[in-house]
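Worksheet for the structure shown next.
Where a number appears in this text, it was derived from the coordinates with a stated rule and is not lab data. Quick caveat, the model's predicted, so the values are computed rather than measured. Cβ coordinates were reconstructed from backbone atoms using ideal geometry, including for glycine residues, and neighbour counts include every protein chain displayed.
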Amino acid sequence: MTADAAALDAADPLAPFADEFHHPLDAAGRRAVYLCGHSLGLQPRSAARYVEEELAAWRDLAVRGHHEGPRPWIQYHEGLSAPLAALAGAGAAEVVAMNSLTVNLHLMMVSFYRPTAQRPCVLIEKSAFPSDRYAICSQLAFHGFDPASHLIELAPRPGECCLRTEDLIDTIEREGSRLALVLLPGVQYLTGQALDLAAIAAAARAAGAVIGLDLAHAIGNTPLELHDWNVDFAVWCGYKYLNGGPGAIGGCFVHARHGAMPAAPRFAGWWGHDKGSRFMMGPDFEPIPGAQGWQLSNPPVLSAAPLYAALDIFRRADFRRLRAKSIALTAYLRAAIERLVPGGVEILTPRAADAHGCQLSLRVPRGGTRCFERLTAAGIVGDWREPDVLRLAPVPSYNRFADALRAAEALAAALGG
Ligand SMILES: *Cc1c(COP(=O)(O)O)cnc(C)c1O
C-alpha cells in the first residue's frame with residue numbers, strides 16, 4: 001500500500017498545493033499529518049502577505065486606506081463575494097462575507113424565522129452543533145415559544161447513526177403545517193454525513209417552510225448549488241475548510257428573491273445601507289439589494305485578509321478537481337483503516353460518495369482517549385469528541401495519500417494494544 005500511496009501522490013495534479021500551506025510539526029520535528037481541517041484549516045503561506053499589505057496600508061495611508069491601497073477597505077469584503085459565490089453555487093450578490101457564524105445565524109433568523117401561532121416550529125437534527133441549538137432555542141424563546149414543544153429534533157433510526165433523507169422528508173411533510181423553519185447542516189459536524197440538500201430544500205419549500213442551512217462543514221468541502229436549490233438562507237464560518245484563520249470572517253447567503261425585497265424584515269446597520277448614500281448620513285435605512293443589505297458594520301479587514309489568500313488557492317486548484325480528489329482520498333483513508341486496523345473500527349460517516357465530504361468519523365467506544373493520545377504522539381492531528389468519536393479529515397488541497405496511509409497505520413498501532 002505504501003507504493004500505491006506514493007504512486008497516487010505522484011499522479012495527483014493537486015499534490016503541489018500542499019506546499020502552499022504551513023504544516024505544523026509533530027513532537028519528533030517531522031511534518032505532522034494534519035487531518036483537522038474540519039476544525040481549523042491550515043494557514044496558506046500567502047496569508048501573511050495579505051495581512052501585511054493591510055497593516056502597511058494602515059501604517060502608511062491611515063484613513064486614506066478606505067479609498068486607496070491594494071484593496072480599499074470600504075469595499076474590502078466585496079472582493080470575497082465572487083470566490084465565495086463560486087463555492088456556494090450562488091450569484092455574487094447573494095453572498096456576503098461578514099461577522100461570524102452564530103451571529104449570522106441570529107441575523108438570518110431575525111429575517112427568516114417569522115413564527116405564527118399556527119406555524120411556530122423549527123426542525124433541526126438531533127445532536128445539532130450546540131451553538132446552533134442555543135441560537136435556535138433563544139430565538140424560539142424570544143418569540144415567546146417554548147423550545148421544549150416547538151423545537152422538533154429528528155434523530156437517526158434506532159441502531160443507526162446517520163439520518164435518512166426519506167425520514168427527513170417524511171418529517172417535513174408530516175409536521176409541515178406547523179413548521180416555520182427547517183434548519184439543517186450541509187455536513188453534520190459529528191458524523192460527517194452530507195445531506196441531500198436539494199431534496200430537503202424542495203420538501204421544506206413545498207411544505208411552506210423556510211429552509212436555512214448551516215454550511216460550517218460544507219463550504220469548501222462539498223458541492224453546493226444554493227441558488228438553484230432555492231435555499232432561503234445559509235451561514236458559514238471562514239476558518240474550517242475555507243482556511244481563513246482562527247475566528248476568520250464568516251459569511252451568509254440570502255436567496256436573490258429575498259435580497260430583491262427592501263422591505264424584508266431585518267436588523268439594520270449602516271454597512272447594509274445603500275452605498276451611494278451611506279455617507280450622506282441620512283436618518284432612514286435603505287438596504288443594498290442582495291445579501292450585503294444584511295451587513296451591520298464595516299468589515300474587519302485584518303480578519304478577512306487571510307481569506308483572500310485562501311480563496312485564491314480554491315480558484316487555482318478548481319473546486320471540481322478538489323472534490324474529485326476529496327472523494328478518492330477519503331475512500332483511500334477508509335480502505336486503509338478497514339484493511340489495517342485489527343478487528344476493524346466502526347466508521348459513522350456514510351460510505352456513498354455523495355453522502356460525505358472529506359471527514360471520517362470513527363467510533364472508538366473503549367480506550368478512545370488513550371488511542372487519541374497515541375495518535376497525537378505519532379504526529380497525527382485529528383480531534384476527539386466525547387464520548388467516543390474520533391474525527392479525521394483528509395483535506396484535498398493540503399493532504400496527500402501518504403498522509404492517509406500514515407494515519408491509518410498509526411491508528412492501527414494505537415488501537416492494537
Ligand atoms: C464550527 C461551527 C460553529 C461555530 O460557530 P462560530 O459562531 O463561528 O463560533 C457553529 N455551528 C456549526 C455547525 C459549526 O460546525
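Observations, loosely collected:
- Net lengthening on full extension, Glu286/Asp9 (0.36 nm per residue, minus Cα-Cα): 94.4 nm
- Alpha carbon convex hull of the chain, projected area averaged over orientations, nm²: 21.3
- Segment Trp270..Asp167, full-extension length gain: 32.8 nm, with 0.36 nm per residue of separation and the alpha-carbon distance subtracted.
- Backbone geometry of the stretch 323-330 corresponds, through the Karplus equation with coefficients 6.51, -1.76 and 1.60 at θ = phi - 60°, to 3J(HN,Hα) couplings of 5, 4, 5, 4, 5, 5, 5, 5 Hz, x marking Gly and Pro.
- The stretch 143-187 residues near the modelled Ala263 label - backbone nitrogen below 18 Å, point 7 Å along Cα→Cβ: none
- Around the amide H of Gly192, modelled in the peptide plane, lies no amide H under 5 Å away from a residue 5 or more places distant or on another chain.
- All lysines inside 27 Å of Lys126 as judged from Cα atoms, apart from same-chain residues fewer than 8 positions distant: Lys240
- The 3J(HN,Hα) values that the Karplus relation (6.51, -1.76, 1.60; θ = phi - 60°) gives for the stretch 350-359 are, in residue order, x, 7, 4, 4, 7, 10, 8, x, 9, 9 Hz. Gly and Pro appear as x.
- Extending 7 Å from the Cα toward the beta-carbon at both Ser277 and Asp388 defines two label points whose distance is 6.2 nm.
- GNM flexibility winner over the chain from Phe285, Phe233, Phe17 (Cα, springs under 10 Å): Phe285
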